[in-house]
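Asks: Below is a structure I'd like to ask you about.
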Amino acid sequence: MKHTHILLGHGSGGRLSHELITKVFLKHFGKPAGGFLSDAAVLNENHGQLAFTTDGFVVDPLFFPGGDIGKLAVAGTVNDLAVCGAEPLALSAAFIIEEGLPLEVLEKVVLSMANEAAKAGVRIVAGDTKVVERGKADKLFITTSGVGRIMSGAENIASAQDVQPGDLILINGSIGDHGMAVMTARSQLNIGSVVQSDCACLHELCREAIGSGGIHFMRDATRGGLAAVLAELCENRPFGIDLYEEKIPVSEGVRGMCELLGFDPLHVANEGKVVIVVAPEKAQALLENLQFHPLASGASIIGKITEDHDGKIWLHTQVGGKRLVDLPAGEQLPRIC
């Protein structure tokens, strides 16, 4: 480890997060089977494969355009199961509450969680509550866990072991919306158009994609954004990635905010975007099918897996050049999920 103390950047989903996971947690807990880190662990049980995941949520502010910490906690956990090819079955939720939090705020968050879980068809079946002294936390932290059953034909999606040169890369819509929505709410920026978070449960979308066949990998692009997902996918693998800037959907509101504040949309967090790697012969049909889904009307094929430049991502820019894309080096937006 290059650092002797934890920095905000260790929670960014970027290079420092990767270093922390590798040099501390994996050092003592061990690597998963196959060595690839997915959003959920796949457990082989007598009655089929199960997926298990856990996540913590520390977003600031608690409420933002398009969502809140409660909706985010449920959707984030459901999505971590769904992108591993699992049908979500049940969730647990633990709350760390700071003394002085208005009860009406807590109830509003809990109601949001209940509504989102009901929409997703999953139950919150267990939980825990801790209260800490005033000033010892920041209003409310939520930790969730989830379990799901791996769908038929999706057994290798979490491990990405079927990814190969020639595969195409698809995303279900514009990137960076969640990060910029939280930034707007946090900073109370007075801009012409309010950017809405894309926070949503993606399990139905993922189920449709898997049913189309040819899916080799899925991951929701949360902390670290699209860049982090693809950098982790090709790290130490015998392939590289070509991305095409003109194909990557970015809303005008997000693009304008990123230019104003100096952010790269590729590194900005999402909470309703799934990156899908699909066999080339299935890609166009999948794209046309998903575009009928309300969470994928802006879907696009944005790149491909290549046998060139192993372990690297090259972005082909709109002006005809190209640049290397890597994990973000520090923390752009702390406390976004």
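The values are calculated or read from the model by the stated rules, or taken from the named source; none is laboratory data. This is a predicted model, so every value here is computed, not measured. Note that each Cβ is placed from the backbone with ideal geometry, even for glycine, and that neighbours are counted across all protein chains shown.
Asks: If a residue has to be in contact with an Asp or Glu (Cβ under 8 Å, 6 or more places away or on another chain) and touching a residue at least 40 places away in the same chain (Cβ under 8 Å) to count, how many in the range 94-125 make the cut?
Replies: So the answer is 6.
Asks: Determine whether residue 96 is in contact with a Phe, Trp or Tyr (Cβ under 7 Å, 6 or more places away or on another chain) and not assigned by TED's automatic domain parsing to the domain that holds residue 251.
Replies: When the stated conditions are applied, residue 96 passes them.
Asks: Of everything in the range 323-332, what is farther than 20 Å from residue 274 by Cα and either in contact (Cβ under 8 Å) with a residue 60 or more places away in the chain or among the hydrophobic types (A, V, I, L, M, F, W, C) (or both)? Give them in sequence order. Can you show your working first?
Replies: So the first thing to find is which residues in the range 323-332 are farther than 20 Å from residue 274 by Cα, and the list is 323-324, 329-332.
Result: 324, 329, 330, 331, 332.
Asks: Go through the range 15-37 and give me each residue that's modelled with pLDDT of 80 or more, of a type in the set (Gly, Ala, Ser) and within 20 Å of residue 230 (Cβ to Cβ).
Replies: 17
Asks: A follow-up question, please. Considering only the range 66-152, give the strands (runs of 3 or more DSSP E) lying wholly within it that have at least 3 residues that are crowded, with 17+ Cβ neighbours inside 10 Å.
Replies: Values: elements: 86-98, 123-132, 140-150.
Where strands (runs of 3 or more DSSP E) fall fully within the range 66-152 and carry at least 3 residues being crowded, with 17+ Cβ neighbours inside 10 Å, they are 86-98, 140-150.
Asks: Then there's this: Mind listing whichever residues of the range 276-322 are in a loop (DSSP other than H, G, I, E, B), in contact (Cβ under 8 Å) with a residue 12 or more places away in the chain and small (Gly, Ala, Ser)?
Replies: 279, 296, 297, 298, 299, 311, listed by residue number.
Asks: Does any residue of the range 251-268 turn out to be within 18 Å of residue 287 (Cβ to Cβ) and touching a residue at least 24 places away in the same chain (Cβ under 8 Å)?
Replies: Checking the range 251-268: not a single residue is within 18 Å of residue 287 (Cβ to Cβ) and touching a residue at least 24 places away in the same chain (Cβ under 8 Å).
Asks: Follow-up. When the range 210-239 is examined, which residues are found to be in a helix (DSSP H, G or I), touching a helix residue (DSSP H, G or I) at 6+ places or on another chain (Cβ under 6 Å) and among the hydrophobic types (A, V, I, L, M, F, W, C)?
Replies: Residues satisfying the conditions are 226, 227.
Asks: Which ones in the range 292-337 are modelled with pLDDT under 95, polar (S, T, N, Q) and surrounded by 13 or more Cβ atoms within 10 Å (Cβ to Cβ)?
Replies: The answer is 332, and nothing else.
Asks: Quick check, is residue 333 in a loop (DSSP other than H, G, I, E, B) and in contact with a Phe, Trp or Tyr (Cβ under 9 Å, 6 or more places away or on another chain)?
Replies: Spelling it out, residue 333 is indeed in a loop (DSSP other than H, G, I, E, B) and in contact with a Phe, Trp or Tyr (Cβ under 9 Å, 6 or more places away or on another chain).
Asks: So, in the range 262-275, exactly how many residues are assigned to a helix (DSSP H, G or I) and closer than 15 Å to residue 167 by Cβ?
Replies: 0
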